[in-house]
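Structure, as structure tokens:
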Amino acid sequence: MSPEPDAATAPHLERRLTALPATALNMANMIGAGPFVTIPLLMSALGGPQSLLGWIIALVITLPDALVWSELGSSLPGSGGTYRWLREGFGPQTWGRLMAFLFIWQFIVSGPMEIATGYIGVAQYLEFLWPGLTHNDALTVRGGLVVTALGFLNIALLWRRIGSLGKLTIALWIGAMITVTVVLVGGALHFDPKKAFDFPDSPWRFSAGFLMGLGTATRVGIYDFLGYYDICYLGDEVKNPGRTIPRAVITSLIVVAVIYVGINLSINGVISWREFVPYENHKDIANFIGSVFIERLYGHRAAQFFTLGVVWTALGSVFALLLGYSRIPYAAALDGTFFRIFGRVHPTKHFPHVALLVIGVLAIVASFASLGVVIDTLIAARILIQFIGQIVALVLLRRNRPDISRPYKIWLYPLPLVVAGVGWLLVFATTPPQVIGFALAALAVGMGSYFLWARFTARWPFETVEARGA
């Protein structure tokens with residue numbers, strides 16, 4: 001009989017990611033097809049360039065939130081990120097179990113949905129080359145086959161050791177930067193301020209409708225910025241996480257924010273927003289506005305090549321997302337809060353292959369919903385448990401766990417927590433009522449499911465005296 005493997009030889013995660021691939025991972029995640037897909041949605045929110053205010057508000061919320069991620073990620077680095085922080089912050093043997101379970105519960109909905117937005121964006125842009133992939137914001141049979149093939153390609157690219165993934169991440173990031181640079185240079189050379197700043201009559205008329213539109217623009221902006229924290233989910237695979245994680249989180253958010261403003265001004269300085277707003281009435285331009293932008297500047301052949309560049313950029317985003325998100329159910333399975341099978345590590349390539357495969361397949365399924373619905377749902381599902389929950393967990397950890405080493409501490413604490421928390425609550429309040437209802441109903445069902453599961457398995461708060469003593 002062969003001997004049992006010890007801790008050194010058993011399948012395990014490896015610390016290989018340094019600052020460059022960590023930052024590239026976040027940026028590839030954030031950029032993707034996002035700015036090339038969401039600009040029409042953003043401009044339609046308030047009907048003109050004033051919609052950029054949504055991006056500014058999104059940055060005001062996400063920048064202090066990035067500081068929260070940086071302190072938590074450097075203090076408690078590990079696979080799963082939020083999952084671990086909620087459990088430790090709220091108490092690993094009490095309320096932390098419920099919060100961690102609820103995070104996994106909402107993640108099963110929101111995680112694959114976020115990945116799905118990249119697949120939907122690819123299908124929209126490929127329509128420029130291959131008409132018939134979408135119809136009325138839904139995938140056709142042909143489009144479904146393309147998205148499914150892309151989803152399994154993404155899984156195949158990630159089916160390898162973390163060391164080689166770092167190099168692949170940088171390659172995808174370089175491709176994304178080339179695509180972005182083409183837009184920024186083209187926009188700078190052909191920028192028309194009369195088009196970019198062509199405000200409608202009374203653009204700042206404050207009303208309930210304006211506030212709801214501003215909420216929509218902010219949610220689109222937040223969606224574009226999502227991913228500045230992706231490296232936090234791979235804390236067990238990061239070298240020197242106390243320094244690497246904060247640098248990657250903050251740097252990626254600031255750089256991408258500048259890039260996004262540049263892309264928006266570039267495109268709107270060439271194509272008047274009046275040509276694609278409202279989004280629903282101008283899908284012949286809105287669905288692949290980046291390709292139309294290049295076509296008007298350099299011709300149809302150049303636009304075809306650019307479309308392939310957007311697909312490459314989107315692939316980099318979904319690649320980074322699936323890489324990070326596959327570690328969340330893995331971390332939960334290791335300490336018994338999720339199905340044990342998700343804790344399996346590939347025997348030779350050393351990555352959580354079951355979690356990768358399941359999340360990847362769920363993302364393919366989620367791609368068959370419309371983009372707007374997917375964006376609103378995934379953001380609303382995360383706000384209460386993940387973003388607000390992390391802020392509370394950080395406060396509790398500072399108060400109850402002074403023993404934890406904190407290589408990075410939030411500047412001007414607790415002001416950034418207040419700004420981020422109020423911002424997230426305002427975004428949630430301006431979400432469409434049906435989406436809020438879905439998020440609250442899912443949360444209520446999740447809580448009920450936890451207590452039923454805890455009762456059946458004798459976990460907190462139904463654990464036995466013997467188990468509590470152990």
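The values are calculated or read from the model by the stated rules, or taken from the named source; none is laboratory data. Since the model is a prediction, treat every value here as computed from it, not as a measurement. Don't worry about glycine lacking a Cβ; one is built from the backbone with ideal geometry, like all the others, and counts go over all protein chains shown.
Things worth noting here:
- When segment 320-338 is limited to residues that are of a type outside the set (Gly, Ala, Ser) and not in a helix (DSSP H, G or I), the one that is farthest from the chain's Cα centre (by Cα) turns out to be Asp335.
- One residue from Ala149, Ala123 being modelled with pLDDT of 85 or more, of a type outside the set (Asp, Glu) and over 23 Å from Tyr260 (Cβ atoms): Ala149
- Residue check, Val345 surrounded by fewer than 19 Cβ atoms within 10 Å (Cβ to Cβ), in contact (Cβ under 8 Å) with a residue 60 or more places away in the chain and either in contact with a strand residue (DSSP E or B) (Cβ under 9 Å, 6 or more places away or on another chain) or in a helix (DSSP H, G or I) (or both): no
- For beta carbons closer than 7 Å, sequence separation of 6+ or different chains, a first residue in segment 405-417 that is closer than 20 Å to Ile61 by Cα and a second that is of a type outside the set (S, T, N, Q) and in a loop (DSSP other than H, G, I, E, B), the qualifying pairs are Pro416/Ile410.
- Of residues in segment 447-468 being out of contact with any Ser or Thr (no Cβ under 7 Å at 6 or more places or on another chain), at pLDDT 85 or above and small (Gly, Ala, Ser), the one surrounded by the fewest Cβ atoms within 10 Å (Cβ to Cβ): Gly448
- Verdict on Trp85 being within 21 Å of Leu234 (Cβ to Cβ) and either among the small types (Gly, Ala, Ser) or surrounded by 24 or more Cβ atoms within 10 Å (Cβ to Cβ) (or both): yes
- Listed by first and then second residue, the pairs linking a residue in segment 303-315 that is touching a residue at least 40 places away in the same chain (Cβ under 8 Å) to a residue that is among the charged types (D, E, K, R) and part of a helix (DSSP H, G or I), with Cβ atoms under 9 Å apart and 6 or more places separating them unless they lie on different chains, are Ala303/Glu295; Ala303/Arg296; Gln304/Glu295; Phe306/Glu295.
- Set side by side, the residues Pro203, Pro131 differ, and just one is in contact with a Pro (Cβ under 9 Å, 6 or more places away or on another chain) and not in a helix (DSSP H, G or I), which is Pro203.
- A residue that is over 30 Å from Ala454 (Cα atoms) and outside any helix (DSSP H, G or I) cannot be found anywhere in segment 70-89.
- Test: residue in segment 95-108 that is in a helix (DSSP H, G or I), farther than 27 Å from Leu356 by Cα and touching a Ser or Thr at 6+ places or on another chain (Cβ under 8 Å): no
- A search for C-beta distances below 8 Å between a residue of segment 227-252 that is touching a residue at least 60 places away in the same chain (Cβ under 8 Å) and surrounded by fewer than 24 Cβ atoms within 10 Å (Cβ to Cβ) and any residue that is small (Gly, Ala, Ser) and outside any helix (DSSP H, G or I), counting only pairs 6+ apart in sequence or on different chains, returns Asp236/Gly78; Asp236/Ser79; Gly242/Ser405.
- Any pair with Cβ under 6 angstrom, 6 or more apart, that starts in segment 177-194 at a residue that is touching a residue at least 40 places away in the same chain (Cβ under 8 Å) and at positive phi and ends at one that is of a type in the set (Phe, Trp, Tyr) and surrounded by 21 or more Cβ atoms within 10 Å (Cβ to Cβ): none
Condition check ((1) farther than 30 Å from Pro21 by Cβ; (2) exposed (fewer than 15 other Cβ atoms within 10 Å of the Cβ)) across all residues:
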| site | (1), (2) |
| --- | --- |
| Phe338 | no, no |
| Ile341 | no, yes |
| Val365 | no, yes |
| Pro402 | yes, yes |
| Trp411 | no, yes |
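- Residue under evaluation Ile410, criteria (1) assigned to a helix (DSSP H, G or I); (2) at pLDDT 90 or above; (3) among the hydrophobic types (A, V, I, L, M, F, W, C), criterion not met: (1)
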